[in-house]
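Colleague: Handing you a structure now.
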């Protein structure tokens, strides 16, 4: 009785092991690629949702009446929201009685680098610009009645849409 394996048995075992390892590595590589793509997609969707929540908070905050100073100081506050096809502008004018009025304006739009940005103005002077999100293909806003419709599409094709109810639309 011989102990051990023949050459043919070893070759067959090696061939089977290589087939199993090849299939296993293919499954591993494929699932890793799918995982990375899904993580990237989820990240873009998260950024789109965060951008829409930021825009909604800016719109909602523009509706609030803010009183500064003591009770005896009176302020006149006028707020308006303008909606163009690809730009949302929030105006807020404040004036203390017998003082120079202050006009605040925020413009939210898609710039040429495909970033959704907000630009801050005070009395027509640019006070700064901030990125809300990046890698956008389109940003469209429209209004119907007292509803603002936002639609954003990322460069990889993910779309996000949101409706915002407002009471101060022009």
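The values are calculated or read from the model by the stated rules, or taken from the named source; none is laboratory data. In this text, all values refer to a predicted model and were calculated from it rather than measured experimentally. Positions of Cβ are generated from backbone atoms using ideal geometry, with glycine treated the same way; all protein chains shown enter the neighbour counts.
Colleague: Anything in segment 138-148 that is under 11 Å from residue 166 (Cα atoms) and in a strand (DSSP E or B)? List them, or say none.
Modeller: 143, 144, 147, 148
Colleague: What do you reckon, is residue 161 at pLDDT 90 or above and in a strand (DSSP E or B)?
Modeller: Spelling it out, residue 161 is indeed at pLDDT 90 or above and in a strand (DSSP E or B).
Colleague: For the condition at pLDDT below 90 and either touching a strand residue (DSSP E or B) at 6+ places or on another chain (Cβ under 8 Å) or within 22 Å of residue 127 (Cα to Cα) (or both), what is the one hit in 79, 6, 70?
Modeller: 79
Colleague: Something else: Could you please find all residues in segment 99-115 being free of Cβ contacts under 8 Å to residues at least 24 places away in the same chain and crowded, with 17+ Cβ neighbours inside 10 Å?
Modeller: 105, 107, 115, listed by residue number.
Colleague: Something else: Report the residue count in segment 122-158 for those that are within 15 Å of residue 58 (Cβ to Cβ) and at pLDDT below 85.
Modeller: So the answer is 0.
Colleague: Go through (1) out of contact with any strand residue (DSSP E or B) (no Cβ under 8 Å at 6 or more places or on another chain); (2) surrounded by 17 or more Cβ atoms within 10 Å (Cβ to Cβ) and name the single condition residue 154 misses.
Modeller: The one condition residue 154 does not meet is (1).
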